[in-house]
Amino acid sequence: MTTTSDERGLRASLRNFGGAGAGAGRESTDKAIGKDSHRWKVLGVGVAANGSFAAALTGLPATAVSMRADYGLAATDLGLVIGAMGLGVAGSELLWGMLTDRWGDRKVLLTGLGLTGLMLALMALLLSPVPGRIPSTTLLAGAFLLVGMIGGSLNGSSGRAVMAWFGEGERGFAMSVRQMALPAGGAAGALILPPLAEGVGFQGVYGTLAAFCLITTGFVWLWVSEPPVMAAKMMAGTSSRNSGKGPLRNEQVWKTVFGIGALCIPQVAVVTFAAIFLNDVGHLGTAAVSASIVAIQLGAAVVRVWSGHFTDRRRNRRPFLKSCALLTAVVYCVLAGFVAINSALPEPGGAFVVAVVVALVGGGIVASSWHGIAFTELASIAGIAHTGTALGLGNTFAFGAYFLAPLAIPHVLERASWSGVWLAAAVAALAAFILFPKVAPVEER
């Protein structure tokens, strides 16, 4: 077998890093492919970073009832404010991903977390409604937009760190654990923020979120670094399928990111308007609404971790993604049917309300369970050298849905009621089923 000059150089660098001798070379190689125990600290920081931002991104919509009352917002204004954060993330993700590939994850994580915490602290001081001063909708939406633009740095950079430190047989699980932080952080936000909004106002809400981000910044400073020999990861990436193409010229990458964007729509519909839906249709109070949203987020977190382990063992990421999309479409059609029956009944009983809540929670869990698998597959298609860019592109489409869906839902609701909202979400899930790439041929895999 012929040995290339690149391979000889890599082996020499491994020996030099670990010390002379074959034993040192093997030890360094193990570290290079993510066998060092430090990788769990890196994963923990990635979870904390994503969770801190998710507490704002998906936790603040849980305060929608208080936000609507305290800021005096109409339904369309509320959708604009909540969606502005998603627009900020969508507009900045690709740039942050490209910068992560160029600068490294540590610098981008430190910058993003620190500035996000600072921005939220300023919002607590200047943009909280107090007697005699209610900030305008435009100013509030602009602040949410800026938080999203800065916080967009966290997804691609933390994902690149995890992909770099973990080997192929562990990446689905590791990325799913990292993605678990989104619903887990959202659950924490949904549990903590509504009582804070009702009890102490939005100063407490924004101040708590700022503290989450700033504390996590300290752990990034302590623990996040590049793997000992990043060159081994780079070689793994260049040998992956489709590695000859950049991610922006790869058809499989584009199919995957369009599918991600489409399947985010039903998830966003639940996350952003579940509180309003349960309050208006089910006539549930704050405690019941918060409990339902927490159930969705925690259920999604558990299923994400399970799905990562499951697909690592079965090596079936693409079939799993298609199955999630199809099941999501079915569940949301059922939810739409329940709502249509509910509107036809003169006085729906408690059992029927429970059925609607169960369908909503089940649909929210299914619609949120696939993220780690989708982004692992996306990074694998692009190769490790382009992970930041590919994840940034995927998150651009994902958070584009976070902006567009909250803007569109009030208009769909006005014309077609809640049944129309959930049917539209089912159609989006069906589109994702069509868009996700088919299973790769054996020789390609």
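The values are calculated or read from the model by the stated rules, or taken from the named source; none is laboratory data. Computed from a prediction, not measured in an experiment: that's the story for all the values here. No Cβ is skipped: glycine too gets one built from the backbone with ideal geometry, and neighbour counts run over all protein chains shown. Side chains are part of the model used for accessible areas, which takes the heavy atoms of the whole protein and leaves out ligands, DNA and RNA. Shrake-Rupley method; radii C 1.70, N 1.55, O 1.52, S 1.80 Å.
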Which listed residue is among the polar types (S, T, N, Q), touching a residue at least 24 places away in the same chain (Cβ under 8 Å) and more than 23 Å from R304 (Cα to Cα), from S380, S419: S419
Count of residues meeting criterion [surrounded by fewer than 19 Cβ atoms within 10 Å (Cβ to Cβ) and closer than 15 Å to V65 by Cβ] in region 192-201: 4
Test: G244 is modelled with pLDDT under 80, over 29 Å from R133 (Cα atoms) and of a type outside the set (F, W, Y): yes
Residue match in region 388-395 (condition: over 30 Å from A64 (Cβ atoms) and among the polar types (S, T, N, Q)): yes
Residue match in region 249-256 (condition: farther than 24 Å from P183 by Cα, at pLDDT below 85, part of a helix (DSSP H, G or I) and open to solvent by less than 40 Å² (accessible area, probe 1.4 Å)): no
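If you go through region 271-290, how many residues are over 21 Å from the mean Cα position of the chain (by Cα) and assigned to a helix (DSSP H, G or I)? Walk me through it before giving the result.
Looking only at region 271-290, we keep the residues that are over 21 Å from the mean Cα position of the chain (by Cα), and these are 276-289.
Next, from what is left, pick out any that are assigned to a helix (DSSP H, G or I): 276-280, 286-289.
Residues that pass the stated criteria total 9.
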Odd one out for H371 among (1) under 20 Å from L145 (Cα atoms); (2) buried (at least 24 other Cβ atoms within 10 Å of the Cβ): (1)
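Conditions (1) over 24 Å from R315 (Cα atoms); (2) over 20 Å from the mean Cα position of the chain (by Cα), marked per residue:
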| position | (1), (2) |
| --- | --- |
| A164 | no, no |
| G167 | no, yes |
| G172 | no, no |
| G186 | yes, no |
| G189 | yes, no |
| P195 | yes, yes |
| G199 | yes, yes |
| G204 | yes, yes |
| G207 | yes, yes |
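Looking at F212, F144, F173, which is the one that is open to solvent by less than 20 Å² (accessible area, probe 1.4 Å) and touching a residue at least 60 places away in the same chain (Cβ under 8 Å)?
Result: F144 is the single residue among F212, F144, F173 that is open to solvent by less than 20 Å² (accessible area, probe 1.4 Å) and touching a residue at least 60 places away in the same chain (Cβ under 8 Å).
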Scan of region 357-375 for residues that are of a type in the set (A, V, I, L, M, F, W, C) and in a helix (DSSP H, G or I), ordered by number: V357, V358, A359, L360, V361, I365, V366, A367, I373, A374, F375
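Take F277 and decide whether it is out of contact with any strand residue (DSSP E or B) (no Cβ under 8 Å at 6 or more places or on another chain), closer than 19 Å to F352 by Cα, crowded, with 20+ Cβ neighbours inside 10 Å and not aliphatic (A, V, I, L, M).
Details: out of contact with any strand residue (DSSP E or B) (no Cβ under 8 Å at 6 or more places or on another chain): yes; closer than 19 Å to F352 by Cα: yes; crowded, with 20+ Cβ neighbours inside 10 Å: yes; not aliphatic (A, V, I, L, M): yes.
So F277 passes the test.
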Residue match in region 410-422 (condition: open to solvent by 10 Å² or more (accessible area, probe 1.4 Å), assigned to a helix (DSSP H, G or I) and closer than 14 Å to A262 by Cα): no
Residues of region 97-135 satisfying the condition of being open to solvent by less than 60 Å² (accessible area, probe 1.4 Å) and more than 21 Å from L209 (Cα to Cα): G97, L99, T100, D101, G104, D105
Residue in region 392-407 that is farther than 22 Å from L182 by Cα and open to solvent by 10 Å² or more (accessible area, probe 1.4 Å) present: no
Odd one out for V270, checked against (1) open to solvent by 30 Å² or more (accessible area, probe 1.4 Å); (2) of a type outside the set (F, W, Y); (3) closer than 28 Å to A56 by Cβ; (4) touching a residue at least 40 places away in the same chain (Cβ under 8 Å): (1)
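Conditions (1) under 27 Å from G420 (Cβ atoms); (2) open to solvent by 30 Å² or more (accessible area, probe 1.4 Å), marked per residue:
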residue: I296; (1), (2): yes, no
residue: V302; (1), (2): no, yes
residue: W306; (1), (2): no, yes
residue: H309; (1), (2): no, yes
residue: K322; (1), (2): yes, yes
residue: S343; (1), (2): yes, yes
residue: F352; (1), (2): yes, yes
Yes/no for G337 being within 16 Å of R171 (Cα to Cα) and not in a loop (DSSP other than H, G, I, E, B): no
Out of R133, R106, sole residue that is closer than 25 Å to N395 by Cα and more than 17 Å from the chain's Cα centre (by Cα): R106
